[in-house]
Structure formats: C-alpha cells, structure tokens
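Data block below; observations after.
The values are calculated or read from the model by the stated rules, or taken from the named source; none is laboratory data. Since this is a predicted model, take the numbers as computed values, not measurements. So basically every Cβ, Gly included, is an ideal-geometry build from the backbone, and we count neighbours across all protein chains shown. The accessibility values were calculated without ligands, DNA or RNA, using every heavy atom of the protein model including side chains. Shrake-Rupley method; radii C 1.70, N 1.55, O 1.52, S 1.80 Å.
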Amino acid sequence: MSFRPTSRKIIYFALLLVPYFGYSQDVIIPENAEIAEIVFRGNANFSDRQLLDQLSIHEKFLIRKGSPYNKRQLLREDLVLANYYRQYGYLDVTVVDLVTQAAGKSIRVEFQINEGKQYYLEYFTISGNSIIPDSEYMQRLLLQPGIPFSRYTIQNGIQQIVRHYETIGYPYVVIQDSVAVDDSVDFFLRIHEGPLTHIGKVEIPPQPGIKPEIIKREIVIKSGDIYNIDLIEETQRRLFETRLFNGVLISPVSRDTLIPTVDLKVRLIVSKFRSVDFDFGLAQQSIATYTDPLLNLKIAGGWRHKNLGNVGRQLQVRISASTRFPEIYQPQKFRGDLLYTEPWLLNFRTPTTINPFY
C-alpha cells in the first residue's frame with residue numbers, strides 16, 4: 001500500500017531512543033545541593049506544566065525538599081524532554097540544561113529548548129506483507145497522511161505487530177523501516193514475514209524430587225503445534241505458579257530459518273520444598289470508642305511442604321497468638337490453621353485448598 005510517492009533522499013534509522021543533542025554545563029555545585037527551581041525556555045508549543053510532568057526531578061515547594069543535584073540525572077531528563085517532543089513530530093528538537101547556584105545549597109535548573117520544525121506524515125508505503133493486512137499496520141502504527149510524525153508511536157506499533165506474528169507462527173519476521181525527511185516525512189515499511197513455523201522437540205531435563213508428569217501437565221504447548229509465544233509464556237506462568245520452582249525459562253535451542261521448526265528447552269530452578277517462617281509484631285488497638293488504645297503483641301509461625309508425594313501437593317500449618325498489655329501472659333486470641341492444597345482436581349487444573357482451623 002502506498003500514498004502519493006515523491007522523489008526524496010531516503011534516510012535510514014532505527015526506531016529507538018535518539019540521543020539528545022545537549023550538554024550539562026559545569027559549574028561549582030555545593031555538596032548536597034537541592035533543586036530550588038526548574039525553568040523552561042523556548043517551549044512555545046508545550047506548557048511548563050506539561051514538561052514538568054515528564055520529569056522525575058522536582059523543585060522545592062513549601063516544606064517539600066527539592067530533588068538532589070545529579071548531573072547524570074539531568075542528562076537523562078534532557079533526553080526525556082527531547083523524546084517527548086519527538087512524539088509530536090519535532091524531529092530536530094534539542095534540549096540543553098543550564099545549572100546555576102541559588103541561595104545557600106540551592107540550585108536553579110534551566111532547560112533551554114530549541115523546538116525546531118514540526119514534521120507531518122505526507123506519504124507512506126507498506127510492502128512484503130501477506131499474512132497481516134495493511135489495515136492492521138495502519139491501525140497499530142497510526143499511519144495517516146497529515147498527522148504529526150511520531151517515532152515513538154511507530155516503534156510501539158512495530159513491536160505490537162511483531163508480537164502478533166509470534167502468536168500465529170511467524171517468529172522469524174523482520175520489519176525494516178526508513179524515512180525521507182524534507183518539509184514533511186515519507187515513511188517506508190518493508191516486511192519479510194518468514195516461514196510458518198511449528199514446534200519441534202520440547203526438552204524437559206529431569207528434576208530431582210519431582211515426577212516428570214507433574215511438569216508435563218503444566219505445559220500447554222507441544223511438539224507439532226504452530227509456534228505461539230502466548231502459549232510459551234502461559235507455560236512459564238503455570239510452572240511458576242506450582243511454587244516448585246524459583247525460576248522458569250523456556251527458550252529456543254535451534255532457529256534454522258531453512259527448517260520451519262523450533263525446538264524448545266525448559267530450564268527450571270527447583271525451590272526448597274520445606275520452609276519455616278516466623279512473624280512478630282506490635283500494634284495499638286482500641287477495644288471501644290473513646291478509650292485509650294492498648295498495646296497488642298502478636299506472634300505467628302508456620303511450616304510448609306510444597307511437594308508432598310513428589311506431585312506438587314502442598315501442606316501448611318500456621319499458628320498465631322495475640323495478647324494485650326498489661327495481661328501479656330494471658331492470650332486473648334489464638335488461631336491454628338491446617339491448609340492442604342491439591343493442584344489438580346479430577347484431571348482438571350483447578351487448585352483446591354482445604355482449610356480446617358481452630
């Protein structure tokens with residue numbers, strides 16, 4: 001798809017954060033200096049309030065202290081402001097910060113902004129795609145002639161499109177973009193979708209103390225399925241939710257574009273199956289309206305086993321007691337819990353917990 005081609009020099013760039021073209025002036029800054037004032041100069045198209053909302057630093061206000069001075073942080077703020085402008089088509093914007101000393105240990109930060117020209121999208125073309133239609137590219141990248149050209153929007157849109165391809169069996173998709181900039185912007189998108197890819201082998205190394213079928217039943221993608229990143233991440237989530245593992249990673253072990261299959265390897269970090277915990281706390285609590293609060297003491301402890309019978313069943317015992325001063329040796333509250341969790345019920349993944357308590 002294309003709209004009104006023009007003859008222009010093509011400039012290639014990656015849709016990433018573009019380095020700012022500013023610097024932070026070296027001045028003598030007192031130790032432990034704080035920012036007393038933040039000022040903007042040259043911002044004709046955005047208000048001070050809009051720009052302040054983009055910053056992570058703040059100025060002194062009433063009893064609130066200002067942000068501490070940090071030169072590297074100011075460099076990052078320059079970049080944040082420049083990228084904010086670029087979202088609205090100000091491709092030539094530059095931001096420079098100027099730091100001056102105020103009274104005492106206070107400093108004044110001035111952001112000097114040269115907004116430059118606002119560029120609009122005049123023409124775009126999409127080629128090489130057959131699986132995902134032009135209309136979806138236009139919707140996700142917000143491609144429409146006459147609107148401000150936003151690198152940020154296009155970058156996000158391309159990431160969404162790539163994710164969509166990875167859910168329908170195309171993990172090898174490559175999307176190349178380029179622009180021609182003159183009085184306006186021409187945008188070119190070239191897609192190489194790659195082959196439809198299936199899952200090959202799913203390798204699951206044996207894990208000590210865990211039966212293999214307990215791991216396999218949590219895996220929702222199998223050999224022969226169409227590649228789907230959503231199902232791979234769902235498998236990671238389900239394995240982690242068993243609480244048997246401190247870490248779960250599923251990664252491809254072969255990506256040969258000549259063979260449209262991907263083997264997956266499941267890497268697991270087994271957690272400790274048994275644990276003991278103990279809690280201790282103090283709190284104030286009123287037993288009636290208009291009475292002085294009493295000091296409460298609470299003690300709790302428990303024991304847990306997360307892999308009964310090597311099949312992922314969980315058993316937990318918890319005991320808690322609380323008392324109030326001055327009757328510290330006479331517990332007013334006591335509770336004991338026994339929790340048993342069955343992760344699968346009647347061959348369905350329906351975690352069920354039974355909790356008798358006293």
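Filter region 54-74 for residues that are in a helix (DSSP H, G or I) and open to solvent by 50 Å² or more (accessible area, probe 1.4 Å); which is farthest from Ser184 (Cα to Cα)?
Lys71
State which residue is surrounded by the most Cβ atoms within 10 Å (Cβ to Cβ) when the search covers only region 109-139 and only residues that are under 28 Å from Asp183 (Cα atoms) and aliphatic (A, V, I, L, M).
Across region 109-139, the extreme among qualifying residues is Ile113.
If you check Arg267 against the conditions, is it modelled with pLDDT of 75 or more, assigned to a loop (DSSP other than H, G, I, E, B) and open to solvent by 90 Å² or more (accessible area, probe 1.4 Å)?
No, not satisfied.
Return only the number of the condition from (1) of a type in the set (Ser, Thr, Tyr); (2) in a helix (DSSP H, G or I); (3) touching a residue at least 12 places away in the same chain (Cβ under 8 Å) that Thr125 does not satisfy.
That leaves (2) as the condition not met.
Need at least 2 residues that are modelled with pLDDT of 85 or more and surrounded by 13 or more Cβ atoms within 10 Å (Cβ to Cβ) per element, so show me which strands (runs of 3 or more DSSP E) inside region 288-358 make the cut, counting only ones lying wholly within it.
294-308, 313-324, 333-342
Considering only region 238-262, how many residues are part of a strand (DSSP E or B) and open to solvent by 30 Å² or more (accessible area, probe 1.4 Å)?
Adding up the residues that qualify gives 5.
Would you point out the residue of region 211-237, among those that are basic (Lys, Arg) and assigned to a loop (DSSP other than H, G, I, E, B), that is surrounded by the most Cβ atoms within 10 Å (Cβ to Cβ)?
By that ranking, first place goes to Arg217.
For region 140-179, name all the residues that are surrounded by fewer than 18 Cβ atoms within 10 Å (Cβ to Cβ) and assigned to a strand (DSSP E or B).
Within region 140-179, Pro148, Val174, Gln176, Ser178 qualify.
Checking the structure you have, find out if any residue of region 85-108 is open to solvent by less than 30 Å² (accessible area, probe 1.4 Å), aliphatic (A, V, I, L, M), within 16 Å of Leu51 (Cα to Cα) and touching a residue at least 24 places away in the same chain (Cβ under 8 Å).
yes
Within region 168-191, which residues are of a type in the set (S, T, N, Q) and either at pLDDT 95 or above or over 30 Å from Ile226 (Cα atoms) (or both)?
Selection gives Ser178, Ser184.
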